[in-house]
There are 2 protein chains.
Amino acid sequence: MLNKLTLIGVGLIGGSLSLALKKAGYVKSVCAYDVDEVNVQFAKDTGLIDEFETDLAIAVRDADIVVIAVPVGAVADVALALKPVLGKDSVLTDVGSVKQGVVDAVTTAFGSPPTNFVPAHPIAGTEKSGARAAFATLFQDKRVMLTPTSESSDAATQLVADMWHAVGARVERIGVPEHDAIFAATSHLPHMLAYSFVNALASIDMSEEIFTYAAGGLHDFTRIASSNPIMWRDVCLHNREQLLAVIDTFTSNLSALRAGIERGDEGFLEQQFSSAKQIRDRYKPPSE
Amino acid sequence: MLNKLTLIGVGLIGGSLSLALKKAGYVKSVCAYDVDEVNVQFAKDTGLIDEFETDLAIAVRDADIVVIAVPVGAVADVALALKPVLGKDSVLTDVGSVKQGVVDAVTTAFGSPPTNFVPAHPIAGTEKSGARAAFATLFQDKRVMLTPTSESSDAATQLVADMWHAVGARVERIGVPEHDAIFAATSHLPHMLAYSFVNALASIDMSEEIFTYAAGGLHDFTRIASSNPIMWRDVCLHNREQLLAVIDTFTSNLSALRAGIERGDEGFLEQQFSSAKQIRDRYKPPSE
């Protein structure tokens with residue numbers, strides 16, 4: 001049970017976390033800080049949060065946990081602003097999709113990684129963004145990856161893990177480089193492909209007809225292209241090397257497939273599609 | 001109301017069409033012909049079809065409509081086998097995802113496009129295949145594209161349209177080249193990307209962890225990689241030029257995005273993602 005949680009940024013993730021913790025009775029009060037006054041007022045009016053402050057020092061005063069839930073590119077400024085006002089007993093965590101960039105930003109602001117700092121990444125979300133998209137069950141049965149630094153205290157790590165357990169998530173630990181490599185492949189790359197695919201279609205003559213005749217499979221395939229552009233811009237900038245590497249792996253695979261189509265290679269095409277189908281069927285969710 | 005429909009190939013599409021027509025009371029009897037005896041026996045046992053024949057001449061005798069519902073690559077052989085046995089009053093149609101290849105195959109077999117031949121493409125399906133995947137509501141509120149040839153009679157075209165209306169589909173007409181260009185972009189290309197993406201991930205070190213940590217968005221994105229490999233091999237082979245063209249458009253778009261990531265171009269990345277999001281949001285299905 002937490003007395004006070006401070007949420008910096010009330011978007012889909014932050015807003016859902018706040019709502020879920022309040023519904024679970026795990027926190028007495030959630031105080032939010034958000035640069036978007038319309039968004040944070042909406043969050044208060046709809047009960048996602050209890051109160052909000054426009055002064056960061058007041059917002060974080062006496063907080064058990066401070067959760068940074070802004071796009072990764074904004075973490076550096078938030079960390080610099082937190083340095084003079086964060087209480088020594090407050091645990092600091094985040095929800096970023098990239099972990100090295102967050103660790104670097106906090107380390108730069110604080111001089112070294114604070115012992116009460118525990119980076120985290122909930123593997124949950126939808127293509128929608130902002131407080132309006134928040135809902136209490138977003139993290140139910142979802143994974144949260146903790147990437148504690150070598151300086152993170154056991155007590156702080158445990159507090160962050162407990163918070164995520166309280167909203168129904170499964171908590172796992174992983175190293176920062178492994179995290180960023182895995183999510184470059186499973187999350188960042190498919191977002192790039194979906195964005196690029198939609199833009200490619202829009203560039204074709206008959207693009208109006210193309211989108212009109214889109215079948216159901218296309219809506220699933222492109223859903224992630226509706227995701228928050230700022231968040232994904234920041235992911236690209238902060239996981240650049242890992243993302244470029246997986247884009248190149250993909251491009252080389254697509255290029256080989258293209259060559260197989262061009263030469264009409266039945267055996268190769270069937271083998272490629274069968275292999276992908278086997279893998280995808282093996283890892284598909286139980287609900288399918 | 002049809003007395004007899006003959007279905008050549010009882011897969012997801014053929015099986016669902018038969019079931020839906022029977023449920024709608026639109027056909028007295030569906031007779032199937034399928035090279036896979038286990039599959040067609042299953043279809044009969046579960047009531048998807050009324051009977052099956054292993055002799056094509058008997059199967060199509062006195063049929064009001066003969067529906068070819070096999071992978072596009074198998075249409076040429078089916079058309080050759082149909083030529084000597086198809087009654088002059090039987091209307092011939094198909095369900096292929098590619099239309100030029102089907103028209104060419106039927107034209108080759110019959111010498112010229114028969115007046116009772118009306119190519120069609122229901123824009124419906126799932127990633128599953130075979131008679132076991134069939135269900136009666138597959139075509140409800142879905143589009144069916146008719147691509148009548150210059151030889152197709154009005155009566156035959158109307159009969160095929162009526163059949164699709166009977167299962168709840170919306171019928172539209174389009175030219176063969178336009179059809180193949182649009183579906184290269186909206187359907188064939190995303191399947192290539194999904195197959196290639198899954199194979200690329202499988203080629204990376206840590207691929208086990210990669211698939212284990214797959215988030216919800218990835219399952220949606222890769223669902224179409226579970227589709228029938230034979231069907232998609234045939235689509236590639238029969239819509240080659242159009243497919244190569246859209247692969248190249250996509251690759252050039254992805255390459256520009258990659259360059260933007262490499263040079264850390266915030267403005268370009270945000271513009272690319274915002275543009276894709278706007279387009280995708282504009283065309284998203286009402287259910288989202």
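If you go through segment B:238-260 one residue at a time, do you hit one that is over 15 Å from A:Pro229 (Cβ atoms) and assigned to a loop (DSSP other than H, G, I, E, B)? Before you say what the answer is, go through the steps one by one.
Narrowing segment B:238-260 to residues over 15 Å from A:Pro229 (Cβ atoms): B:238-256, B:258-259.
With assigned to a loop (DSSP other than H, G, I, E, B) added as a condition, the list becomes B:239.
Checked segment B:238-260: at least one residue is over 15 Å from A:Pro229 (Cβ atoms) and assigned to a loop (DSSP other than H, G, I, E, B).
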Original post:
Quick check: is even one residue across segment B:140-158 closer than 28 Å to B:Thr54 by Cα and not β-branched (Val, Ile, Thr)?
Top reply: yes
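In this structure, does A:Ala200 turn out to be of a type in the set (A, V, I, L, M) and either part of a loop (DSSP other than H, G, I, E, B) or more than 7 Å from every other protein chain (Cβ to nearest Cβ) (or both)?
no
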Subject >> Condition check for B:Val85: open to solvent by 30 Å² or more (accessible area, probe 1.4 Å), touching a residue at least 12 places away in the same chain (Cβ under 8 Å) and closer than 21 Å to B:Ile123 by Cβ >> reply: no
Original post:
Do we find a residue being out of contact with any Phe, Trp or Tyr (no Cβ under 8 Å at 6 or more places or on another chain), of a type in the set (S, T, N, Q) and over 30 Å from A:Met145 (Cβ atoms) anywhere in segment B:179-189?
Top reply: yes
**OP:** Working only within segment B:238-257, note down all residues that are farther than 20 Å from B:Ala276 by Cβ and open to solvent by less than 40 Å² (accessible area, probe 1.4 Å).
**Re:** B:Asn239, B:Leu243, B:Leu244
Original post:
Does segment A:215-224 contain any residue that is over 23 Å from B:Lys128 (Cβ atoms) and more than 7 Å from chain B (Cβ to nearest Cβ)?
Top reply: no
**OP:** Could you grab me the full set of residues in segment A:7-38 that are open to solvent by 10 Å² or more (accessible area, probe 1.4 Å), among the hydroxyl-bearing types (Ser, Thr, Tyr) and closer than 21 Å to A:Ala169 by Cβ?
**Re:** A:Tyr26
Original post:
Right, A:Thr107: of a type in the set (S, T, N, Q), open to solvent by 20 Å² or more (accessible area, probe 1.4 Å) and not in a helix (DSSP H, G or I) or not?
Top reply: no
Original post:
Out of (1) free of Cβ contacts under 8 Å to residues at least 24 places away in the same chain; (2) touching a strand residue (DSSP E or B) at 6+ places or on another chain (Cβ under 9 Å); (3) open to solvent by 40 Å² or more (accessible area, probe 1.4 Å), what's the single condition that is false for B:Glu178?
Top reply: (2)
**OP:** Inspect all residues belonging to segment B:220-233 and state whether any of them is at pLDDT below 95, within 19 Å of A:Val235 (Cβ to Cβ) and open to solvent by less than 20 Å² (accessible area, probe 1.4 Å).
**Re:** yes
Original post:
Could you say which residue among B:Gly101, B:Gly168, B:Gly125 is closer than 21 Å to B:Leu2 by Cβ, open to solvent by less than 50 Å² (accessible area, probe 1.4 Å) and either assigned to a helix (DSSP H, G or I) or not acidic (Asp, Glu) (or both)?
Top reply: B:Gly168
Original post:
From the list B:Ser287, B:Ser252, which one is more than 7 Å from chain A (Cβ to nearest Cβ) and within 30 Å of B:Gly130 (Cα to Cα)?
Top reply: B:Ser287
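Return the only residue of A:Thr149, A:Thr115, A:Thr137 being among the hydroxyl-bearing types (Ser, Thr, Tyr), open to solvent by 20 Å² or more (accessible area, probe 1.4 Å), touching a Ser or Thr at 6+ places or on another chain (Cβ under 6 Å) and touching a residue at least 12 places away in the same chain (Cβ under 8 Å). Lay out the reasoning, then the answer.
Values: A:Thr149 fails: touching a Ser or Thr at 6+ places or on another chain (Cβ under 6 Å); A:Thr137 fails: touching a Ser or Thr at 6+ places or on another chain (Cβ under 6 Å).
Exactly one residue qualifies, and that residue is A:Thr115.
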Subject >> Filter pass, A:Phe273 being among the aromatic types (Phe, Trp, Tyr) and either farther than 30 Å from A:Val176 by Cβ or open to solvent by 20 Å² or more (accessible area, probe 1.4 Å) (or both) >> reply: yes
Subject >> Unmet requirement for A:Phe135, which otherwise passes all of (1) among the hydrophobic types (A, V, I, L, M, F, W, C); (2) over 29 Å from A:Arg223 (Cα atoms); (3) in a loop (DSSP other than H, G, I, E, B) >> reply: (2)
**OP:** Output the qualifying pairs, or none if there are none: Cβ atoms under 6 angstrom, residues six or more apart or on different chains, first residue in segment A:262-288 and at positive phi, second residue part of a helix (DSSP H, G or I).
**Re:** A:Gly264/B:Leu237
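Restricting to segment A:39-59, give me the number of residues that are without any contact (Cβ under 8 Å) to a residue 12 or more places away in the chain and either among the polar types (S, T, N, Q) or open to solvent by less than 10 Å² (accessible area, probe 1.4 Å) (or both). Can you show your working first?
Going residue by residue through segment A:39-59, those that are without any contact (Cβ under 8 Å) to a residue 12 or more places away in the chain are A:41, A:45, A:55, A:58.
Now restrict to residues that are either among the polar types (S, T, N, Q) or open to solvent by less than 10 Å² (accessible area, probe 1.4 Å) (or both): A:41.
Qualifying residue count, segment A:39-59: 1.
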**OP:** Of the numbered conditions (1) in contact with a Leu (Cβ under 9 Å, 6 or more places away or on another chain); (2) open to solvent by less than 40 Å² (accessible area, probe 1.4 Å); (3) more than 7 Å from chain B (Cβ to nearest Cβ); (4) assigned to a helix (DSSP H, G or I), A:Leu159 fails exactly one; give the number of that condition.
**Re:** (2)
Original post:
Name the residues in segment A:255-276 that are more than 23 Å from B:Arg223 (Cβ to Cβ), at the interface with chain B (Cβ under 7 Å from one of its Cβ atoms) and of a type in the set (D, E, K, R), would you?
Top reply: A:Glu262, A:Glu266
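The values are calculated or read from the model by the stated rules, or taken from the named source; none is laboratory data. All values reported here derive from a predicted model rather than from experimental measurement. As a convention, Cβ positions derive from the backbone with ideal geometry for all residues, glycine included, and neighbour counts pool all protein chains shown. Ligands, DNA and RNA are excluded from the accessible area calculation, which covers all protein heavy atoms including side chains. Shrake-Rupley method; radii C 1.70, N 1.55, O 1.52, S 1.80 Å.
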